[in-house]
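The values are calculated or read from the model by the stated rules, or taken from the named source; none is laboratory data. Model, not experiment: these values are computed from the prediction. Counting neighbours? That spans all protein chains shown, and the Cβs are built from the backbone with ideal geometry, glycine included. These accessible areas exclude ligands, DNA and RNA; they are computed on the full protein's heavy atoms, side chains included. Shrake-Rupley method; radii C 1.70, N 1.55, O 1.52, S 1.80 Å.
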Amino acid sequence: MLKKLSDTTATSPLGSTTGHKLFRIESGPHAGRLAALYATGSGEIQLVWSDPPYQSWSSPQTLVSDCGYQMFDALMDAPGSLSIAYTDQATSRLVFRRVAFSAGVWTVGTKVAVYDGAEGYDPCLALGTDGKIWVAWRRLVIPSSWIHVKSSADNGAVWGSGPTDPGDQLAGPVTAVWCKLIVGTTAIHAVIAYDATAIVIRSLSLGGGSWSAETNIFSGSGVTGDFDVALTDSGGLAIVLCDPQPKYREFDGFTWSAVQTLDTRPASSPQVHFRNGMPVIAFISGLGFLQNALMYTARLSGSFQPPAFVDPQARTLDRVLLYRESSATYHDATSAAADSTGADVYHPQSGALLAQVGDKLYAGLNDRFRFLTVVLSTVGAGGSVSYSYWDGSGWTYFTPNAGAINLTAVCNQIKLWADYQGIPQNWQKCSVNADRRFWIRIEVASSFSTPPVGSQITSMSDLRQIITRR
């Protein structure tokens, strides 16, 4: 996390995985500017932006203050104007706002009702090649849900024939359902996920006509709205989903390929992009208790490669060393710290992770990092620890951004610094037991009455969701 943009208590600050929240202006005097949208816990949708080289971000601008706690979606056109669809807090109806961009400033337009005949949730927007804006959403009449689709040819001023027009009904009634719209070269596609059942596709020619019947893409008991769809470079379709492992399937214009499992571990927030004809897939992988890593895989020479870490600063540690002061001995606990096996991270002489004054834990990576997660099988009691890093000439003591954490919880989430920009520039590599790394040293300042015993130690945080720029 290069720069922390905001704190939020929103239930779904980035909306659904299939949505759009990070944009880049493609043309005009502000081409290259990035814009990020997110929801706050007070029912607002805020925007922050950054110009190249993206080292600083603007103060938040509130675009919407009445979205409640539901998901939203957004689009950006090439000159930088935004379209936002969300659920109105007061009425639970699906509404829309156009946010015009001119002379470097975004100006929020009037709220427009998309459909006022029932509660509307989980919108997904798509922009046609002719400039027409499409929206799919979940219409709710408790206890059932339907998927509906409408379009606007005037930048969202009127949807269909007006707010009483329900648009085209594509799915339902069912208990839970989600939809992703994607515009191809000749048709717009609606990919629909039925909870714990299946993912299907329906298509509509851009020249008009009727929506096609459903074609099944995937069947499985773990199906949710956690999926993504992209166009291939040849105009086909690709889908990635979690059931619960990440799975991939591709349509070449004639047939769907076999389903491929990309990783053996459960995943979430899958995202698929194409680079030079090659699918690149990112997803969140759970590697331990409250420890999730951003992973990716790419298809090379016809096969997907084993998943690798996207962020070299948030992963399993390169080295974990435990130092026992009374005997002046080191113990290499790297392998034990990497997995979630219980009660296996300890110094063999003390039977503990740390115990007496002067005992030390060294967590090392080849890159500077900002977070440590220390999972314990036995929590510490009656003691305290200090934190330090090597500044090139000595150990500099500091209080983590998360505060004084003395290893007294089962899962100790130690935010060392707020973001990567907050990492001290004077933090240098040094050698500990002949091993040169960037080290965080945790040292016992007062002895534990109950020494902690470890199960897992990583530089991963509890990453919840990702949405990449489309």
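Observations on the model:
- Residue within segment 396-411 that is outside any loop (DSSP other than H, G, I, E, B), touching a Gly at 6+ places or on another chain (Cβ under 6 Å) and open to solvent by less than 50 Å² (accessible area, probe 1.4 Å) present: no
- Selection over segment 287-303 of residues that are of a type outside the set (Ser, Thr, Tyr) and open to solvent by 40 Å² or more (accessible area, probe 1.4 Å) gives a count of 6.
- Number of residues in segment 22-31 that are surrounded by fewer than 21 Cβ atoms within 10 Å (Cβ to Cβ) and either in a loop (DSSP other than H, G, I, E, B) or without any contact (Cβ under 8 Å) to a residue 24 or more places away in the chain (or both) equals 6.
- Residue match in segment 40-57 (condition: closer than 25 Å to Val183 by Cβ and surrounded by fewer than 15 Cβ atoms within 10 Å (Cβ to Cβ)): no
- Being open to solvent by 10 Å² or more (accessible area, probe 1.4 Å), of a type in the set (Gly, Ala, Ser) and out of contact with any helix residue (DSSP H, G or I) (no Cβ under 7 Å at 6 or more places or on another chain) holds for only one residue in Ser6, Ser83, and it is Ser6.
- Matching residues, segment 316-341, being more than 14 Å from Gly364 (Cβ to Cβ), part of a strand (DSSP E or B) and in contact (Cβ under 8 Å) with a residue 24 or more places away in the chain: Arg324
- Residue count, segment 287-308 (criterion: over 24 Å from Ala337 (Cα atoms) and small (Gly, Ala, Ser)): 4
- Lone qualifier among Gly172, Gly184 - being over 14 Å from Asp73 (Cβ atoms), modelled with pLDDT under 95 and surrounded by fewer than 18 Cβ atoms within 10 Å (Cβ to Cβ): Gly184
- Meets criteria (closer than 19 Å to Asn433 by Cβ, at pLDDT 95 or above and touching a Pro at 6+ places or on another chain (Cβ under 6 Å)) for Leu361: no
- Residue in segment 318-331 that is touching an Asp or Glu at 6+ places or on another chain (Cβ under 6 Å) and over 30 Å from Cys430 (Cβ atoms) present: no
- Residue list for segment 132-161, restricted to those being open to solvent by less than 70 Å² (accessible area, probe 1.4 Å), within 21 Å of Trp211 (Cβ to Cβ) and small (Gly, Ala, Ser): Ala136, Ser144, Ser145, Ser151, Ser152, Gly160
- Test: residue in segment 209-228 that is open to solvent by less than 10 Å² (accessible area, probe 1.4 Å), among the β-branched types (Val, Ile, Thr) and touching a Lys or Arg at 6+ places or on another chain (Cβ under 7 Å): yes
- Just one of the listed residues (Arg470, Arg370) is within 24 Å of the chain's Cα centre (by Cα), modelled with pLDDT under 95 and among the basic types (Lys, Arg), namely Arg470.
- Of the set (1) under 28 Å from Thr8 (Cβ atoms); (2) part of a strand (DSSP E or B), all apply to Ser431 but (1).
- Lone qualifier among Ser16, Ser12, Ser83, Ser92 - being assigned to a strand (DSSP E or B), of a type in the set (Ser, Thr, Tyr), under 29 Å from Asp168 (Cβ atoms) and in contact (Cβ under 8 Å) with a residue 24 or more places away in the chain: Ser83
- Across segment 311-362, the number of residues qualifying as surrounded by fewer than 16 Cβ atoms within 10 Å (Cβ to Cβ) and either within 30 Å of Thr261 (Cβ to Cβ) or among the hydroxyl-bearing types (Ser, Thr, Tyr) (or both) comes to 9.
- Checking each residue in segment 416-431 for being open to solvent by less than 20 Å² (accessible area, probe 1.4 Å) and either touching a strand residue (DSSP E or B) at 6+ places or on another chain (Cβ under 7 Å) or of a type in the set (Lys, Arg) (or both) picks out Leu416, Trp427, Cys430.
- Residue match in segment 372-391 (condition: on the phi > 0 side of the Ramachandran plot, surrounded by fewer than 17 Cβ atoms within 10 Å (Cβ to Cβ) and among the aliphatic types (A, V, I, L, M)): no
- Odd one out for Val135 among (1) farther than 24 Å from Ala193 by Cα; (2) in contact with a Pro (Cβ under 6 Å, 6 or more places away or on another chain): (1)
- Among residues of segment 284-300 that are outside any strand (DSSP E or B), those with a Cβ under 9 angstrom from a residue that is β-branched (Val, Ile, Thr) and buried (at least 18 other Cβ atoms within 10 Å of the Cβ), sequence gap 6+ or separate chain, pair up as Phe289/Thr373; Phe289/Val375; Leu290/Thr373; Leu290/Val375.
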